[in-house]
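Asks: Submitted below is the structure of interest, expressed as structure tokens.
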Amino acid sequence: MTDQEFQVIDDHHEKEKVNKRMILLKRFITVIQLSKIMWKKKDLLLEGQNCGDWSTVQLASHQGEIEQGYVFKDYLDKGLAMDPAEYSLLHMRGRFAFSVASLSWLEKSVASTLFVAPPKATFQEALADFLEVERIRPNKWIDNLLYLAKAYIAVSDKTNAAKYLKQASELEPADDSDKEALAEVKTLMKKYK
């Protein structure tokens, strides 16, 4: 086997690894979103009852979420190092940064005191990733446009927030996820015109 043939095979295996990692990352974010929904449902069911045992489970869960946040961010960064134009990874990293930046001072302090310090991120980092997705896939993804607007709202840039909300509102939803995002876009548009 020549070096060139070996390189072709090696490149193919590397691309296969990247694709598998991207699939795993997409599944991971879906699991995270579903677990948040399940925790909300559980909290509603147990409201008003003696929940002493559950508080221990929840504390352990929050510690696990923080620790997994570091792992998740590391996987996103590694995936983007292999393919910087992978828009879905950019969007997920932007959402990660947005979520971390959205934590209140109190939430960060409690997490640091009880567990480990949460990851650090800023709204500007989130904006950079969402804007890069928009550069790669202009005006095509409702969810990215929504998060662009939300990040601009977070940094008090109502003009750009309104711009991206309007763009998102003009797109046709492709699935239920898009329909949910579009409903949120319409709600935000009432406030940011």
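The values are calculated or read from the model by the stated rules, or taken from the named source; none is laboratory data. Given the structure is predicted, the values throughout are model-derived calculations rather than measurements. Quick reminder, even Gly has a Cβ in these numbers, built from the backbone with ideal geometry, and neighbours come from all protein chains shown.
Asks: Do the conditions hold for residue 156, that is, is it on the phi > 0 side of the Ramachandran plot and either touching a strand residue (DSSP E or B) at 6+ places or on another chain (Cβ under 7 Å) or assigned by TED's automatic domain parsing to the domain that holds residue 192 (or both)?
Replies: Taking the combined requirement at face value, the residue satisfies it.
To keep it simple, each residue is scored yes or no on (1) more than 23 Å from residue 193 (Cβ to Cβ); (2) at pLDDT below 90; (3) among the hydroxyl-bearing types (Ser, Thr, Tyr).
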position	(1), (2), (3)
76	yes, yes, no
79	yes, yes, no
115	yes, yes, no
121	yes, yes, no
132	yes, no, no
162	no, no, no
166	no, no, no
181	no, no, no
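Asks: Here's a follow-up. For residue 175, all conditions in the list (1) farther than 22 Å from residue 68 by Cβ; (2) modelled with pLDDT of 90 or more hold save one; what is the number of the exception?
Replies: Going through (1) farther than 22 Å from residue 68 by Cβ; (2) modelled with pLDDT of 90 or more one by one, residue 175 breaks only (2).
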